[in-house]
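Report on one structure; see the data block that follows.
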Amino acid sequence: MGVSRVFASLGILLLVGCSLAAGGSGRNVWLSDLDISKTQQGWGDPHKNLSVDGNPLKIAGQTFERGLGTHADSLLYVELNGGSSRFHAMVGVDDEAGARGSIEFRVLADGKQVYKSGLIRSDDPAKQVDIDVTGVQVLVLAVDSGDDMNYDHADWADAYFTVTGTAPKTVDAPKEEAVILTPKPSPKPRINGARVFGVRPGSPVLYTIAASGRRPLWFNAENLPAVLKIDRETGRITGKFTKPGEYKITLVATNDLGEAKRELRLVVGDTIALTPPMGWNSWNCWGCAVDEQKIREAAEAMAKSGLINHGWQYINIDDCWMVRRGSDDATVGGPTRDEAGRIRTNKRFPDMKALTDCVHSLGLKIGTYISPGPWTCAGYEGSWQHEQADAQQFAAWGFDYLKYDWCGYGSIVPEPDLKQMQEPYRFMRMCLDRVDRDIVFSLCQYGMGDVWKWGAEVGGNCWRTTGDITDSWGSMSGIGFRQAELAPYASPGHWNDPDMLVVGLVGWGPNLRESRLTPNEQYTHISLWCLLSSPLLIGCDLTRLDEFTTNLLTNDEVLEVNQDPLGEQARCVAKDGPREVWARRMEDGSTAVGLFNRDEVPQTVTAKWSDLPVTGKRRVRDLWRQKDLGTFEGTFGAEIPRHGVVLVRLFPAE
Ligand code: GLA
């Protein structure tokens, strides 16, 4: 080999060496050597030099020594401060995801998109990112989920910055002030909550008129059927029908400032939950650290904080109230059932009947949870082979809501076909039909087998459409904005359920933290869930509600979108990159419209009448601000902050 050839091959070696370790002029700094804990992601935790599941980084058979393992939807802010010249990475779906991952990688430089990978699926070879970042202050590394949010294990492999000046540093996403947009509620009476209520003949009626306004308030109900009675002080309507029928009742609430009236349509028939259930559930807050006292406190707080006056009514116990199989912890262990096969509570729930009585005495309803399998997700006793006995017990205890969570049933049928997926739900439905109590039936199986297509047929009132939500933008927005295709499957009594709310103090117990969603993300969360006609189940500590969270949960004009009797689910009517417009028809002929900005920088989002569709002049009302914005024709646009929303309602202009 001649000398020149030696130098030439050395040159190649040097070049290769440079791109791997030195990157032209400047030194290389590995992304994985920065503080990657600042990564926000839809599921799991970020890992240094390992995949999200903790395996060596591997894309289509190629292993990488260094990089960041994350999960869509993911965001990482890196401050470059003009000190780097290039960013390099090899990106793809980690092999551990099997065949089901689909993701897109994006890089934003000072708010502008400078790289987009296009959709990458499992087994696609790693794509190279090699971009000039000279002069860039802030770089954002984003991963969006593709077909669905499952198995989106994303690797920024071999990722490094070529640094010529200041070293790069990962930072938190921009902080925002928690601005309360809504004016204080009026002291005058206003009737809120559901305008239509379903009850089955033979089941007790419990309807509490939700009304805001200075206390004392006095209630009345005109045209109340003879079988019902109203408590004038509490606004509670009780009684029992024996036959199907439909009634129009005028609800009245009075205080010394005036009177409010509103019509309630009472439908006695087969279908309950004619509007999406609104309440609280213990899981996102307490996880398995739940006990009777916490449930009582939540119920008392729902009444005392005034949430009850805005239509909130269910207090739902999630997992971990039963006996834990094989546990030697005396508070949760012990025999799981009595001699007659009746399910036992664990010692943290010493008297279930007393607890349900307490919740009912506040004018609220109460829910429970179990699995069709031998055990629940957290390993507590399930209903397997005790379904009828459990349904009877739930009714005897006085429960009004049942979340039926697949989990342990996976041990009975590990790879279920459609019929097997449906079977446990059909069976519990049959059991619930035999008890004389209205129990909202909530299917929880994370969307398997496109449950939205058959959830109503097997007798569900709502069905979870996704895996578990967490308090990150990636999780919440990844779930929420992915519900568009499901709109045709929602109707009164049958709701798609994109999981519970993650605002306020959450933590899956016992230690709670403030939701990691920014204030704008929280406005987006509530607006989207209302547009989607989703069940609204608050997942935070109700005894410690701050003003911002209270405001999020008590804006009656926003909640009215969720509770609209038409029961339509909003559709995504326009999408332009991160700008999305979602709209739904309301019973009164108006249209609720959400203008969303999923981008990292503010964007103007415009709703076109032709997309909604509406015609002519419209009065546009901002629902968070409870303020008319004027009359518009053809379009309405607004500047929307990062991850934020403007939620409006369009009324025909007089
Ligand atoms: C599953 C459900 C959650 C919660 C837990 C309880 O993960 O999806 O909502 O009920 O089980 O263990």
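The values are calculated or read from the model by the stated rules, or taken from the named source; none is laboratory data. Since this is a predicted model, take the numbers as computed values, not measurements. Because the Cβ atoms are built from the backbone with ideal geometry, glycine has one as well, and the counts that use them run over all protein chains shown. The protein model used for the area step is the full one, side chains on, heavy atoms only, and it has no ligands, DNA or RNA in it. Shrake-Rupley method; radii C 1.70, N 1.55, O 1.52, S 1.80 Å.
Here are the numbers for the structure shown:
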{"quantity": "Residue-normalised accessible area of the range 160-275, expressed per residue, 1.4 Å probe, Å²", "calculated": "50"}
{"quantity": "Spatial separation of Cα centroids for the range 560-580 and the range 259-309, in angstrom", "calculated": "24"}
{"quantity": "Mean-position separation - Cα centroids, the range 153-171 and the range 95-111, in angstrom", "calculated": "16"}
{"quantity": "Relative contact order for the range 548-654, counting Cα pairs under 8 Å that sit 6 or more residues apart, in percent", "calculated": "26"}
{"quantity": "Carbon plus sulfur fraction of accessible area for the chain, probe 1.4 Å, in percent", "calculated": "50"}
{"quantity": "Nearby aspartates and glutamates by direct alpha-carbon distance to LYS304 (threshold 16 angstrom, same-chain neighbours under 8 apart not counted)", "calculated": "GLU233, ASP541, ASP546, GLU547"}
{"quantity": "Charge sum, other residues only, whose C-beta stays under 11 Å from ASP130's C-beta, Lys/Arg counted +1 and Asp/Glu -1", "calculated": "0"}
{"quantity": "Residues with amide H under 5 Å from that of VAL196, placed H, sequence gap 5 or more", "calculated": "ARG265"}
{"quantity": "Loop sites in the range 411-467: trypsin sites (Lys or Arg not before Pro), DSSP, at most 12 other Cβ within 10 Å", "calculated": "ARG434"}
{"quantity": "Expected 222 nm ellipticity per residue - DSSP helices of 4 or more, -39500 (n - 2.57), all of the chain, to 500", "calculated": "-4500 deg cm²/dmol"}
{"quantity": "Kirkwood-type radius of the range 108-233, with distances r between different C-alpha atoms, in Å", "calculated": "22.2"}
{"quantity": "Charge sum, other residues only, whose C-beta stays under 13 Å from LYS48's C-beta, Lys/Arg counted +1 and Asp/Glu -1", "calculated": "-3"}
{"quantity": "For the range 156-307: rounded, prolate or oblate by the Cα gyration tensor [a/c cutoff 1.5]", "calculated": "prolate"}
{"quantity": "The range 295-405 shape via C-alpha gyration tensor axes, a/c threshold 1.5", "calculated": "prolate"}
{"quantity": "Sparsely packed trypsin sites (Lys or Arg not before Pro) within the range 100-166, loop by DSSP, other Cβ within 10 Å at most 14", "calculated": "ARG100"}
{"quantity": "Per-q log10 I(q)/I(0), the chain, q = 0.05, 0.12 Å⁻¹ (Debye; single scatterer per alpha-carbon; no solvent)", "calculated": "-0.26, -1.30"}
{"quantity": "Mean-position separation - Cα centroids, the range 23-52 and the range 611-627, in angstrom", "calculated": "44"}
{"quantity": "DSSP-defined antiparallel bridges as percent of all bridges, the chain, nearest 5", "calculated": "80"}
{"quantity": "Prolate/oblate/rounded label for the range 478-601 (Cα gyration tensor, a/c 1.5)", "calculated": "prolate"}
{"quantity": "Partner lysines for LYS403 [C-alpha distance under 16 Å; skip if fewer than 8 residues away on the same chain]", "calculated": "LYS365"}
{"quantity": "Formal net charge of residues neighbouring GLU633 (Cβ-Cβ distance under 10 Å; K, R +1; D, E -1)", "calculated": "+2"}
{"quantity": "Relative contact order, percent, the range 473-529 [alpha-carbon distance under 8 Å, six or more residues apart]", "calculated": "36"}
{"quantity": "Straight-distance crosslink candidates among lysines, where the alpha carbon sits under 19 Å from LYS48 and sequence neighbours closer than 8 are dropped", "calculated": "LYS38, LYS58, LYS169"}
{"quantity": "Net lengthening on full extension, GLN626/LEU119 (0.36 nm per residue, minus Cα-Cα)", "calculated": "178.5 nm"}
